[in-house]
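The values are calculated or read from the model by the stated rules, or taken from the named source; none is laboratory data. As the structure is a prediction and not an experimental result, all values here were calculated from the model. With ideal geometry, Cβ positions are generated from the backbone for all residues, glycine too; neighbour counts draw on all protein chains shown. Note: areas computed on protein heavy atoms with side chains; ligands, DNA, RNA excluded. Shrake-Rupley method; radii C 1.70, N 1.55, O 1.52, S 1.80 Å.
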Amino acid sequence: MFTGIIQSVGRVLRLEPRGGDVRLTIETGKLSLDAVALGDSIAVNGVCLTAVELSPQGFAADVSRETLSLTTLGALVPGGRVNLEKALTLSTPLGGHLVSGHVDGMGTLLERHEDARSWRLRIQAPDELARYIAHKGSICIDGTSLTVNRIEGAVFELNIVPHTVQETIIGDYRPGSRVNLEVDLVARYLERLLLGERAADPKASGLTLDFLAEHGFAR
């Protein structure tokens, strides 16, 4: 588990193909690995990875074909900047929101413009994730915990304060940039709970207005 508060911006050192997947080596910058052991989790652009090698400069992790195809890690190149966060502990301040490091889909930046000293971002999410994104709710973008300011269909807007622009890779975003999205854990589990016994049905496609009305949640 993570908090969505980025601890360092690292750089990709190497991408080594290994039997169809990739070993990714990251230089961690100001992120201390003194308390990190082999097998510990580190989030890279919001993707939970397992450290399989450690060095004074950084760590290496194996990235499966599944992860390469379903996240932006498949587009990384040597020298690219990445958001980093170590797994939380019981003594870690929960400054963002609970983040699992399991990416739900990729979004596309549609627009970026300045608003006083902040930046406004408009991001297109996959249609299937729209029902989990709520006005003033939490969402994780490349591992960064952010608040949704506005939503229209599957397009949502964020306000990024100067500190976040400086301390994450958000400063690198341009229209067309692809980003990892993780929706709020509460929204995902709430949907499964509301499905009740239907959750065991392989044909159950999630909540619908008809289902909510039938069970007294909508008119």
Filter the stretch 115-163 down to the residues that are touching a residue at least 60 places away in the same chain (Cβ under 8 Å) and open to solvent by 20 Å² or more (accessible area, probe 1.4 Å) and list them by number. 131, 138, 145
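Residues checked against (1) more than 14 Å from the chain's Cα centre (by Cα); (2) closer than 30 Å to residue 35 by Cβ:
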{"position": "77", "(1), (2)": "yes, yes"}
{"position": "80", "(1), (2)": "yes, yes"}
{"position": "91", "(1), (2)": "yes, yes"}
{"position": "103", "(1), (2)": "no, yes"}
{"position": "107", "(1), (2)": "no, no"}
{"position": "113", "(1), (2)": "yes, no"}
{"position": "170", "(1), (2)": "no, yes"}
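Is it true that some residue in the stretch 137-149 is of a type in the set (Asp, Glu), at pLDDT 80 or above and either outside the structural domain of residue 72 (by the TED database) or under 29 Å from residue 74 (Cβ atoms) (or both)?
yes
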Would you check which residues across the stretch 164-191 are over 12 Å from residue 109 (Cβ atoms) and open to solvent by 70 Å² or more (accessible area, probe 1.4 Å) and list them? 166, 186, 189, 190
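So, in the stretch 5-61, exactly how many residues are under 19 Å from the mean Cα position of the chain (by Cα) and of a type in the set (Gly, Ala, Ser)?
Here the count works out to 7.
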Those residues of the stretch 1-36 which are of a type in the set (S, T, N, Q) and assigned to a strand (DSSP E or B), in sequence order: 8, 25
Of all the residues that make up the stretch 47-81, how many are crowded, with 20+ Cβ neighbours inside 10 Å and closer than 11 Å to residue 12 by Cα? 4
Given (1) open to solvent by less than 50 Å² (accessible area, probe 1.4 Å); (2) under 23 Å from residue 140 (Cα atoms), where does residue 30 come up short, assuming only one miss? (1)
